[in-house]
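A.B. asks: Questions regarding the structure given below will be posed in turn.
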Amino acid sequence: MPEAHPTQPTPLERQLDRQLLGSMAFSVFAAAFEMVVGFSVAHWVSLTDSKIWGYVVCAIAFGLCLVAGWMAFDVRAKLAGRDDTRPGQRRQLFMANLDLLVAGLVTLLVLAGTVVLVALRPNS
């Protein structure tokens, strides 16, 4: 009976794991930034009747979402043409797809915050 030997991740696999973790961190940070800083800036917008800082917060959060989505898509593209013999590759592909989904959902959150900022007037 053949013995099973644990496989060590290659440097490329470790780099892809770090990239996937970074993508998830950027998405979570963008959501937290949009919610916490967005609510803080909403108070400032209602006091000053100027929406510019609200748009700045939305633009920064949207940029973070784009970076997170690009990182996840890059990992997914690297894994798409590879051989599926190593056990970690399916996990990495799943995480890349999950990171793309989270980045997309956070982008929708940011766009919803921007629509609210555009549609409502301060002090309404």
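A.B. asks: Looking at G69, is it within 30 Å of P122 (Cα to Cα) and either charged (D, E, K, R) or crowded, with 16+ Cβ neighbours inside 10 Å (or both)? It would help to see each step written out before you state the result.
C.D. replies: Values: within 30 Å of P122 (Cα to Cα): no; either charged (D, E, K, R) or crowded, with 16+ Cβ neighbours inside 10 Å (or both): yes.
Judged against the criteria, G69 is not a match.
A.B. asks: Any residue at all in region 82-95 that is surrounded by fewer than 19 Cβ atoms within 10 Å (Cβ to Cβ) and small (G, A, S)?
C.D. replies: Within region 82-95, one or more residues are surrounded by fewer than 19 Cβ atoms within 10 Å (Cβ to Cβ) and small (G, A, S).
A.B. asks: Take the conditions of a type outside the set (D, E, K, R), touching a residue at least 24 places away in the same chain (Cβ under 8 Å), surrounded by 15 or more Cβ atoms within 10 Å (Cβ to Cβ) and more than 21 Å from Q19 (Cβ to Cβ) and apply them to L64. Does it pass? Can you show your working first?
C.D. replies: Working: of a type outside the set (D, E, K, R): yes; touching a residue at least 24 places away in the same chain (Cβ under 8 Å): yes; surrounded by 15 or more Cβ atoms within 10 Å (Cβ to Cβ): yes; more than 21 Å from Q19 (Cβ to Cβ): no.
No: the conditions fail for L64.
A.B. asks: Next question, about the same structure. Report, by residue number, each residue of region 14-54 that is more than 12 Å from V75 (Cα to Cα) and of a type in the set (K, R). Can you show your working first?
C.D. replies: The first filter runs over region 14-54 and keeps only residues more than 12 Å from V75 (Cα to Cα), leaving 24-54.
Residue satisfying the conditions is K51 alone.
A.B. asks: Would you call L105 under 20 Å from the mean Cα position of the chain (by Cα), under 19 Å from M35 (Cα atoms) and at pLDDT 90 or above?
C.D. replies: On the way: under 20 Å from the mean Cα position of the chain (by Cα): yes; under 19 Å from M35 (Cα atoms): yes; at pLDDT 90 or above: yes.
It is true that L105 is under 20 Å from the mean Cα position of the chain (by Cα), under 19 Å from M35 (Cα atoms) and at pLDDT 90 or above.
A.B. asks: Another one. Restricting region 1-45 to residues that are touching a residue at least 60 places away in the same chain (Cβ under 8 Å) and not in a helix (DSSP H, G or I), which is surrounded by the most Cβ atoms within 10 Å (Cβ to Cβ)?
C.D. replies: Top of the filtered list is P9.
A.B. asks: Yes or no: A77 over 14 Å from the mean Cα position of the chain (by Cα) and either under 26 Å from A96 (Cα atoms) or among the aromatic types (F, W, Y) (or both)? Give the steps one after another, and end with the answer.
C.D. replies: On the way: over 14 Å from the mean Cα position of the chain (by Cα): yes; either under 26 Å from A96 (Cα atoms) or among the aromatic types (F, W, Y) (or both): yes.
When the stated conditions are applied, A77 passes them.
The values are calculated or read from the model by the stated rules, or taken from the named source; none is laboratory data. Since this is a predicted model, take the numbers as computed values, not measurements. For neighbour counting, all protein chains shown are included, and Cβ atoms are generated from backbone atoms with ideal geometry for every residue, glycine included.
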